[in-house]
Amino acid sequence: MEAYIGPQDPACHAYGHRRTARTEPLYGPPGTAYVYFTYGMHWCLNAVTEPPDYPAAVLIRALEPIAGLATMRRRRGKEPLCSGPARLCEALGVTGALNGVSLQRGVLRILEGTRPRNRDIVTGPRIGITQATNWPLRFYLKSSPWVSAAR
């Protein structure tokens, strides 16, 4: 995942408190989905992380697929299934229809899992952006084969 930490973050869509129809879900309560279309072809899923009216979220870059594999394979048509934000959205069927929905009570949910050991978490620069690229706001498990890689 990658953190986009609010109006002072030049890579955040709400940089400088920009508030548009597109960014409105970023201003919602924690656990709100912020889904946007990028490069004219891919959906990206973010989870809002801060209290209402403070626009911050994490981009869900990858996940380990453990259930629903047949459905994910049908949607993706190829491997890897969920390594990268666009692949993840395709595999999960995430589209703009989920923008603004609750990730706690909606059809797509983020559930609490087992907490990894701190020594297994790697922090590094975000990828796929052009501003604040050196900020160490990308977090992933160092031994995970599901991590999306920089191109």
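Here, each number is a calculation from the coordinates, and none is a lab measurement. Here the structure is a predicted model, which is why all the values come from computation and not from measurement. Heads up, the Cβs are rebuilt from the backbone with ideal geometry, glycines too, and the neighbour counts pull from every protein chain shown.
Dipole size of the chain about its Cα centre, with +1 on Lys/Arg Cβ and -1 on Asp/Glu Cβ: approximately 460 debye, rounded to the nearest 20. The shape of the chain can be summarised by an equivalent ellipsoid whose semi-axes, obtained from the alpha carbon gyration tensor, come to 23, 19, 15 Å from longest to shortest.
Rounded if a/c is under 1.5, else prolate if a/b beats b/c, else oblate: with a ≥ b ≥ c from the C-alpha gyration tensor eigenvalues square-rooted, which is segment 103-151? Oblate, because a/c is 1.5 or more while a/b does not exceed b/c. Ranking THR32, PRO52, ILE129 by Cα position along the charge dipole of the chain, where only Lys, Arg, Asp and Glu carry charges on their C-beta atoms, puts ILE129 farthest toward the positive end. Once the C-beta distance of MET41 and ARG105 is scaled by a Förster radius of 35 Å, the resulting FRET efficiency is 0.75 to the nearest 0.05.
Shown is the FRET efficiency for TYR54 and ILE127, computed with R0 = 35 Å from the Cβ-Cβ distance and rounded to the nearest 0.05: 0.90.
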